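S.K.: Mind looking over this structure? Questions follow.
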Amino acid sequence: MRAKTDRAIYVVTGTTLLTFLMVNRVGTIGFLDPGVLIWLLYPNVLIAAILFFYCILQADEDVSLLSNSTIFGVATVLVYVPMDWLFSRKMHLIFYLRPYFLANLTTSIDIILNWVVFATLAAYFYHRLATVFQTRLTDATENPRLGFIGSAAMAAGFTGVGAAIGSVVIYALGASRLWIWNAAQVDHIPQIASVPVFVPLAFLITFLLCPYLFGGIGSFLREQHTGVAGIRCGIFIGALQFLGFLMFYIWK
């Protein structure tokens, strides 16, 4: 049972949405510049770190899933950050409305830390859903392999859709307050709530591939180390966003 860990994940999910809603609403007041608004992101990271650390220290629950999800989140973001630098500093795909961390070398640290939270939540939800679906499908079918494959596919579907919707919500709430998409002024890029359509598509496709990223589906795919899965995830998100932008740029 992971009751405490599940509750912590729900709380962090809620505080994350609340944080970006606050950034959006407070930014409409008008007298706070992005340099001040960005500080509202730190409490969410602090809450997540405290709750995750507390859960990992629990001796009465299996906390391996949370710790592995955290490793996945860190690995994903470490791989994605250099690509985000390429998007923001060279391609002008996105522009951050505040001074950059480390003298304009990369994205601000508070946004990076929140990315780690997002990726950790996604990995945890995938594995928890896979466990739930596997239990139900194992009872419904006599073929364990089909149960593994079916549960992984269903969990990936829910996680992919959730990641796509979440990316639209988060990026839309931060738009014009923390960042601006399509700073290169490329015409004819379809948008969903001010977010270029290739962004949620990149998240959707990436997390639909969770069975490939993590492996371990019966004897069908070899299980991957959590860090390797995170590296794959970061590469896929960045590559898909780049290809999506390139497609619209060429066809403009």
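Bear in mind that the values in this text are calculations on the coordinates, not laboratory data. Remember, it's a predicted structure, so these values are computed and weren't measured experimentally. Cβ atoms come from the backbone with ideal geometry, glycine included; neighbour counts cover every protein chain shown.
S.K.: Could you compute the FRET efficiency for Ser64 and Phe158, with r as their C-beta to C-beta distance and R0 at 30 Å, rounded to 0.05?
M.R.: Once rounded, the FRET efficiency stands at 0.90.
S.K.: Can you compute 3J(HN,Hα) from phi for each residue in segment 227-232, using the Karplus curve 6.51 cos²θ - 1.76 cosθ + 1.60 with θ = phi - 60°, rounded to whole Hz and x for Gly and Pro?
M.R.: x, 5, 4, x, 4, 4
S.K.: Still on this structure: What are the residues whose amide H is under 5 Å from the amide H of Gly215, where those residues sit 5 or more places off or on another chain and H is modelled from the backbone?
M.R.: Here the answer is Gln224, since their amide H atoms fall under 5 Å of that of Gly215.
S.K.: Give the calculated FRET efficiency between Met91 and Ala49 to the nearest 0.05, with a Förster radius of 30 Å applied to their Cβ-Cβ distance.
M.R.: 0.40
S.K.: Tell me, what HN-Hα J-couplings in whole Hz come from the Karplus equation 6.51 cos²θ - 1.76 cosθ + 1.60 at θ = phi - 60° for each residue of segment 11-18, using x for Gly and Pro?
M.R.: After applying 6.51 cos²θ - 1.76 cosθ + 1.60, I find 5, 5, 4, x, 5, 5, 4, 5 Hz.
S.K.: Another question about this same structure. Using θ = phi - 60° and the Karplus form 6.51 cos²θ - 1.76 cosθ + 1.60, what ³J(HN,Hα) does each residue of segment 109-124 get, whole Hz, x for Gly and Pro?
M.R.: Using θ = phi - 60°, the values come out as 5, 5, 5, 4, 5, 5, 4, 4, 4, 4, 5, 4, 4, 4, 5, 5 Hz.
S.K.: How high is the FRET efficiency from Leu243 to Ile109, r the C-beta distance, R0 25 Å, rounded to 0.05?
M.R.: Once rounded, the FRET efficiency stands at 0.35.
S.K.: For Ile192, enumerate residues with amide H under 5 Å from its amide H, sequence gap 5+ or separate chain, H modeled in the peptide plane.
M.R.: Residues meeting the criterion, in which the H sits 1.01 Å from N, are Val197.
S.K.: A further question follows. With a ≥ b ≥ c the root eigenvalues of the C-alpha gyration tensor of segment 161-210, is it rounded (a/c under 1.5), prolate (a/b larger than b/c) or oblate?
M.R.: oblate
S.K.: Still on this structure: Stretched out fully, how many nm does the piece from Val26 to Glu223 gain, at 0.36 nm a residue minus the Cα gap?
M.R.: 66.5 nm
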